[in-house]
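Read through the structure below, which is laid out as structure tokens, and then see the notes.
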Amino acid sequence: MRSRFYSGLFLSIMIAAAVALSACKGSTGQKEGIDDLARRVYVPVGKWDKYYAFLSGGQGGNVLVFGIPSGRLIASIPVFEPRAQYGYAIPGTPSYEMLKSTGPLWGDTHHPAISETNGDYDGRWLFINDKANTRVARIDLTHFETVKIARIPNFQSAHGTAVVPPDTKYLIVDGEFRAEPDPAKGVNVAAYVAGMAFLDPITLETRFEVLVPGNCDINDASKDGRWAFATNYNTEKGLNIEEMIRNDEDAISAIDIPAAEEAIRKGEFVTMGGTKVIDPAKTSKKVLYLVPVPKNPHGCDVSPDGKYVVASGKLSPTVTVIDISKIDKVKNLHDAIVAQPEVGMGPLHTTWDGRGNAYTSLFIDSQIVKWNVAKAVAGDPDYIVDRIDVHYNPGHTYAAMGRTRHPSGDYLLSLNKLSKDMFIPVGPTMPESQELIDISGHKMKMLLNFPAESEPHDAAIMRVSDLAPKVVQVDQPVANAVAEGQSRVERVGPHEVNVYMTAIRSRFGLDSFTVKEGDSVHVTITNIETVRDMTHGFAVEDYGINLALDPGQTRTVTFIADKPGTHWYYCTWFCSALHLEMRGRMLVEAAGQKEPQKEARK
Ligand code: CUA
């Protein structure tokens, strides 16, 4: 009884101590006044943010765009999810066919990657993976729209996503979970594979794959395009957690891209799922190098100078620094490791400021740690520069222009997994917290906390001044565009009708059109506005349809007119003072109706 009392007391003291400790941790210890900090993130009315941060929306299946430094939500781009707002993946539209034909109508986005030209973000495309359904998508940044989705053959779960510099020769996507590539033959543990897929960045067709022993987690590529890297955990090939963490050593897999291309040329591959697959054990030239790193590594990041790839330890308090130039030169791959600095508990991801410093997120310590790469490599014990508390448990961290050859070194985003007491409850699930940190000085400074919808994994931060000129303001007419005065209804078969309409403030080209019950109806609309931002919509009452048409755009929706009667269609984007009047009627004649009903007006 007594001992139980004491153990209870001991526990209370420990909890009190932990609470006091975390309260201490919560203070940022900043001398700067709140007004000064507020000024640093304030973007005056009419001014632009300096950067856009593209955050993966996780199981929301989208990509969120936040302004930096303001933390304002700029856009939410639907990728692996239907979104009526933009008429995206609404049944009857091409985007619906694109999404549906590749898998489920939802996805789990993790790792945004911006296309590069000459080693810098070029603002053409943003790639994003779908971990849940082994897909990848390309967003066209001229419109901020998803234009292509593809499945990755043979693998299960598409995880790490990166482009191969300097000019985006490939999009590399990690196949994480090990599974049999040919499920038609049933469960076959012996045939389980995982690896990395090399995709054409435009068609998203998998050009080839390289098998890797464990689970490919996060990836990156060397700045010269020679190497593709992935952290490789569960080299034990375990099927449960105990088996997955049994060994103290896993690896960074380094794939020699020219050697892999040569293997393909020489026919040293097997064809699986219609794709060329390289088994690195069976090539004449060495394709895969496994650099040993401690226990279940996570983040995989190449330094901006292209010298090092670093693996963040996750279950080890270290970051492993690998000299890329040594990988194919050393006999023992341990010798390619030039430093293994201890940084703190639960290191997950590393990003860069372009001044020789690395920033690693510490999940367990709830910190971002700044450390100097050259000092760590030189064996100088004084390599830790600074630490800052974040709230709480950071996953990814990403500095502005972080994956280019030229990180800008001013802002860093910490994407925190738990917000705990940072916000008032919104149900048992709290918002995710993002924190913006000023990294321009010697010491880091916490500037802003702004929540996001659950649950962003990773970010890519690009300069707005590089992006803005790429965005198309008004689309050029396409082949099937409807010109002014060309709105019409064409019956093309006994049960098929084409409807062509223009949309311009504040009228559709047709005030009404008539179809028969059971008709297959194709409605093609062109927004003939010539000024930017004048979007019109097209929603049909009780038909589950909404299109969004930006200036110059033409869109088509196909549906069966299965509900007779009058169905008003209307514009869903508030476009003018006469927005409410911007509507018309779809008149659906009932199947049994012999004579079209005359409109009786008083
Ligand atoms: Cu067009 Cu509202």
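The values are calculated or read from the model by the stated rules, or taken from the named source; none is laboratory data. Keep in mind it's a predicted model, so treat the numbers as computed, not measured. Glycine also receives a Cβ, built like all others from the backbone with ideal geometry; neighbour counts cover every protein chain displayed. For accessibility, only protein heavy atoms count, side chains too; no ligands or nucleic acids. Shrake-Rupley method; radii C 1.70, N 1.55, O 1.52, S 1.80 Å.
Observations on the model:
- On the stretch given as the stretch 452-468, residues that are open to solvent by less than 50 Å² (accessible area, probe 1.4 Å), touching a strand residue (DSSP E or B) at 6+ places or on another chain (Cβ under 6 Å) and part of a helix (DSSP H, G or I) total 2.
- Selection within the stretch 252-279 - under 22 Å from ASN234 (Cβ atoms) and assigned to a loop (DSSP other than H, G, I, E, B): ASP279
- Verdict on SER487 being of a type in the set (S, T, N, Q) and under 30 Å from TYR42 (Cα atoms): no
- Selected residue (criterion: farthest from the chain's Cα centre (by Cα)) from residues of the stretch 510-527 that are within 16 Å of the ligand (Cβ to nearest atom) and either modelled with pLDDT under 95 or open to solvent by less than 40 Å² (accessible area, probe 1.4 Å) (or both): LEU510
- Residue list for the stretch 393-451, filter: in contact (Cβ under 8 Å) with a residue 40 or more places away in the chain, open to solvent by less than 10 Å² (accessible area, probe 1.4 Å) and outside any strand (DSSP E or B): ALA400, MET401, GLY402, THR404, GLY409, ILE439
- Filter result for ASN133 (closer than 24 Å to PHE177 by Cα, out of contact with any helix residue (DSSP H, G or I) (no Cβ under 9 Å at 6 or more places or on another chain) and not in a loop (DSSP other than H, G, I, E, B)): no
- Scanning the stretch 47-90 for residues that are under 27 Å from THR134 (Cβ atoms), more than 11 Å from the chain's Cα centre (by Cα) and of a type in the set (Phe, Trp, Tyr) yields a total of 2.
- Against the criterion of being away from the ligand (no atom under 16 Å from the Cβ), of a type in the set (Gly, Ala, Ser) and either surrounded by fewer than 18 Cβ atoms within 10 Å (Cβ to Cβ) or outside any loop (DSSP other than H, G, I, E, B) (or both), ALA577 does not qualify.
- For the stretch 354-369, the set of residues classified as open to solvent by less than 10 Å² (accessible area, probe 1.4 Å) and in contact with a Ser or Thr (Cβ under 8 Å, 6 or more places away or on another chain) consists of ALA358, TYR359, THR360, SER361, ILE368, VAL369, listed by residue number.
- Close contacts from the stretch 276-296, counting a first residue that is under 20 Å from VAL343 (Cα atoms) and a second that is of a type in the set (Phe, Trp, Tyr), with Cβ to Cβ under 6 Å and a gap of 6+ residues or different chains, come to ASN296/TYR233.
- Within the stretch 280-301, the only residue that satisfies the criterion of being in a loop (DSSP other than H, G, I, E, B), β-branched (Val, Ile, Thr) and out of contact with any Pro (no Cβ under 8 Å at 6 or more places or on another chain) is THR283.
- Among the residues of the stretch 541-574, those that are within 16 Å of the ligand (Cβ to nearest atom), open to solvent by less than 70 Å² (accessible area, probe 1.4 Å) and under 17 Å from TYR88 (Cβ atoms) comprise ILE545, ASN546, LEU547, ALA548, LEU549, ASP550, GLN553, THR554, ARG555, THR572.
- Residue match in the stretch 469-489 (condition: open to solvent by 70 Å² or more (accessible area, probe 1.4 Å) and part of a strand (DSSP E or B)): yes
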